[in-house]
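Participant: There's a structure below that I have some questions on.
The values are calculated or read from the model by the stated rules, or taken from the named source; none is laboratory data. Because the structure is a prediction, the values reported are computed rather than measured. Heads up, the Cβs are rebuilt from the backbone with ideal geometry, glycines too, and the neighbour counts pull from every protein chain shown.
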Amino acid sequence: MIEDTYAQKGQREKMCKQLQEKGITNGAVLAAMNKVPRHWYMDSALWFHAYDDQALPILCDQTISQPSTVATQSSLLQVEQGMKVLEVGTGSGYQTAILCELGAKVFTIERQKGLYEKTKALLQQVGYRAKCFLGDGYKGAPSYAPFDRIIITCGAPEVPQALMDQLKPGGLMVIPVGDNEMEMLRIAKPVAEGEEPKVERFGNCKFVPMLGKVKFR
C-alpha cells in the first residue's frame, strides 16, 4: 500500500477546513476528501504540493483538478448511496475515488491509453471497484445506461447529446462547457417527455479540453 503519513493526514484535514472557508458545505463530500489521499494520484515528486488548492500535471499532458474544483463538482452532483454515476475523464482517478467514497457505482471513461492503464491499476490497488473504460467520452457508455448522474471532468464545447440520452429522467449532469471561456453547468433532465432540461450556472472554470475524433494514445 502507498504510504499515508500522519503529516499527510494532517495536511488533508487542513485542506478540508480551507474548502469549508471557500464555501463547501456538503458534509459527505468533505468527509470523502478528508479520507482519500490526494497524493496517491500524482507523481511523488509533487507530493509536497498535494494538498494545495491547485491543479497539478499528470501523465499525457493532463492535470489532476484542484481540490476546490473536485469538491464543487462533487457537491453539485448530489450523489446518493448506490447511484450509478458515469464519469467522463478518469484522469488521475482522484475524482473517481471521491465518487466511490460517496457510495456511487462508478463507470469511468478515459481517452488517453497511458492514463487509463495506470489509473485502472491504481484504483484496483487501493480498493476502489470502479468500472474503467478506454474510449471516447463523447459517446459515453450506452451499454451501462441509464445513469443517475453524469460528471464531465474536462471542458466540452457543448453538451454532448449522446450523454444526455444516457441520463435517467430526473438525473443530473455536471459539465464545464465552453472553448476558451468555460462555465460550470448543472443540467437536470426532465421527467416528462417534451419538457426542456433545467440548466443552472455556477460560474467560470478552467479544465483541459474534452478530446474527440483523435486516435487513442
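Participant: Would you point out which residue out of L86, L99 is outside any helix (DSSP H, G or I) and farther than 18 Å from G23 by Cβ?
Facilitator: On inspection, the qualifying residue turns out to be L86.
Participant: Right, next: With the condition being among the hydrophobic types (A, V, I, L, M, F, W, C) and farther than 23 Å from L134 by Cβ, I'd like the strands (runs of 3 or more DSSP E) fully within region 150-217 carrying at least 3 qualifying residues.
Facilitator: Details: elements: 167-177, 182-188, 198-205.
Correct list: 182-188, 198-205.
Here's the yes/no breakdown for (1) in contact with an Asp or Glu (Cβ under 7 Å, 6 or more places away or on another chain); (2) within 14 Å of S92 (Cβ to Cβ):
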position: K9; (1), (2): no, no
position: E13; (1), (2): no, no
position: G27; (1), (2): no, no
position: P37; (1), (2): yes, yes
position: S44; (1), (2): no, yes
position: Y51; (1), (2): no, no
position: L56; (1), (2): no, yes
position: Q66; (1), (2): yes, yes
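Participant: Pairs only if they're at least six apart or on different chains, beta carbon under 7 angstrom, first in region 67-83 and in contact (Cβ under 8 Å) with a residue 12 or more places away in the chain, second surrounded by 24 or more Cβ atoms within 10 Å (Cβ to Cβ) and among the polar types (S, T, N, Q); list them, first residue then second.
Facilitator: That search, which allows pairs on different chains as well, returns V70/Q95.
Participant: Counting just the residues of region 29-75 that are of a type in the set (F, W, Y) and assigned to a helix (DSSP H, G or I), which one comes out surrounded by the most Cβ atoms within 10 Å (Cβ to Cβ)?
Facilitator: Y41
Participant: Among the residues of region 178-188, is any basic (K, R) and touching a residue at least 40 places away in the same chain (Cβ under 8 Å)?
Facilitator: yes
Participant: Using the structure shown, decide if M173 is surrounded by fewer than 22 Cβ atoms within 10 Å (Cβ to Cβ), under 25 Å from Y41 (Cβ atoms) and free of Cβ contacts under 8 Å to residues at least 60 places away in the same chain. Explain how you work it out, then say what you get.
Facilitator: Numbers: surrounded by fewer than 22 Cβ atoms within 10 Å (Cβ to Cβ): no; under 25 Å from Y41 (Cβ atoms): yes; free of Cβ contacts under 8 Å to residues at least 60 places away in the same chain: yes.
When the stated conditions are applied, M173 does not pass them.
Participant: Quickly run through region 102-135 and pick out the residues that are buried (at least 17 other Cβ atoms within 10 Å of the Cβ) and part of a strand (DSSP E or B).
Facilitator: K105, V106, F107, T108, I109, E110, C132, F133
Participant: Is it the case that region 201-214 has a residue that's surrounded by fewer than 19 Cβ atoms within 10 Å (Cβ to Cβ), over 17 Å from V85 (Cβ atoms), modelled with pLDDT under 95 and of a type in the set (V, I, T)?
Facilitator: Within region 201-214, one or more residues are surrounded by fewer than 19 Cβ atoms within 10 Å (Cβ to Cβ), over 17 Å from V85 (Cβ atoms), modelled with pLDDT under 95 and of a type in the set (V, I, T).
Participant: While we're looking at this one, here's another question. Just to be sure I understand, how many residues within region 36-54 are touching a residue at least 60 places away in the same chain (Cβ under 8 Å) and touching a Ser or Thr at 6+ places or on another chain (Cβ under 8 Å)?
Facilitator: 1
Participant: Do the conditions hold for A121, that is, is it modelled with pLDDT of 95 or more and within 20 Å of P57 (Cβ to Cβ)?
Facilitator: It is true that A121 is modelled with pLDDT of 95 or more and within 20 Å of P57 (Cβ to Cβ).
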